[in-house]
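So the structure is just underneath, and the comments pick up after that.
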Ligand code: GLN
């Protein structure tokens, strides 16, 4: 096994391919049989996904690729798109304009929460749907087609190939996305959206319907890890000055109402999407994507969470782990084979839930709570 203290001196040699691949294979076989979670079906087309699909891809800032599983399986990007459109809005308008309209505060609510805007009637952040719809409305262009092209250009630069849109998913989302439509009208009311609301929604639904695979997403994450330069094409995709903004918001808000626990147990800027992808960034080192369609009640991939939790706990990927900071995290990756016990993230709280129950009572929806007690 690699000695942690030796690794700092080996940083210039890059990760050991055999070591990384055997660790990824160990993770893949450990979690392949997991049958928790269910496929999101509130967008009808998404329910067609294969629950057994499972892929892990790592792309380093030097453009090296390590991957296992169903790497060629395509899925729609969904909310994994949000950090990248946030980057476009920042490039088009600057921080002040974007911050005036969308905050950077975790909401503590689900991704599609419809009720709460912040005290300034802004969406809480660009990672929840209301904020992402607002951000999509900020993409500049002379016409709807031009705005779509500019958005697709960003995805092409960050993934290093021309993306296509899954029209069935787009139509499915457009015809059933009443909740997103309601949110868009709410923020239109507060002057956050300044364009035709249906055009904005079409752009947002198309953005969510971009087809990707796990390698594309790992490349996009690696572009963020590499200061905005795509490590495969070596071309700048995102202005360096905004990488910090994008990664910060991913770190605090990317996992929705799991963001705090994720920051504690995994500790990486990340983003999840309801089609089953999770991307995470180890700044200056690499990007990772795990794809597996069954998601938990918060819309986060179940196998994805397990893989990241294990990787972070055992190989020191957490941004606040200090011992690896001058070395290559990937050189510790084989420690996933002999995992240490999980952090107590799944403990049953000892707190008394009475107060919450009383709130439910006041709400007039107490029957369930009474029955349960
Ligand atoms: N397109 C999805 C929606 O708007 C994205 C949600 C997600 O991936 N969490 O509902």
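Over the stretch 79-208, the pair-distance histogram of Cα-Cα distances with 10 Å bins from zero comes to 13, 48, 34, 6, 0 percent, rounded to whole numbers.
For the peptides 233-242, 141-150, the ranking by mean Cβ contacts within 10 Å, running from highest to lowest, is 233-242, 141-150. The gain in end-to-end length when the residue 199 to residue 65 segment is fully stretched comes to 44.5 nm, 0.36 nm per residue minus the alpha carbon separation. Backbone N atoms of the stretch 198-212 closer than 12 Å to the 7 Å Cα→Cβ label point of residue 92 belong to residues 200-201, 203-204.
Round to the nearest 0.05 the FRET efficiency obtained for residue 18 and residue 164 when R0 = 35 Å and r is the Cβ-Cβ distance. According to the calculation, E is roughly 0.50.
Simple spin-label estimate for residue 235 and residue 100 gives 3.3 nm between the two label positions (7 Å along the Cα-to-Cβ direction from each Cα). Between the stretch 213-236 and the stretch 67-124, what's the alpha-carbon centroid distance in Å? So the two Cα centres are separated by 19 Å. If I take every Cα pair under 8 Å that is 6 or more residues apart in the stretch 79-208, average their sequence separation and divide by the length, what percent do I get for the relative contact order? For the stretch 79-208, the relative contact order is 28 percent. A crude spin-label estimate for the pair residue 119 and residue 48, with each label 7 Å from Cα along the Cβ direction, gives 4.8 nm.
Look at the alpha carbon pairs under 8 Å that are at least 6 residues apart: their mean separation over the length of the chain gives a relative contact order of 24 percent. Only helices enter this figure: runs of n ≥ 4 DSSP H residues, each worth -39500 (n - 2.57), summed and divided by the residues of the chain, yield -13000 deg cm²/dmol at 222 nm to the nearest 500.
The radius of gyration of the Cα set in the chain, together with its Dmax, comes out at 20.5, 63 angstrom. Treating r as the C-beta distance of residue 156 and residue 338 and R0 as 41 Å, the FRET efficiency rounds to 0.50.
Bear in mind these aren't lab numbers, they're just calculated from the coordinates by the rules spelled out. Keep in mind that what you see is a predicted model, and the values were worked out from it rather than measured. For neighbour counting, all protein chains shown are included, and Cβ atoms are generated from backbone atoms with ideal geometry for every residue, glycine included.
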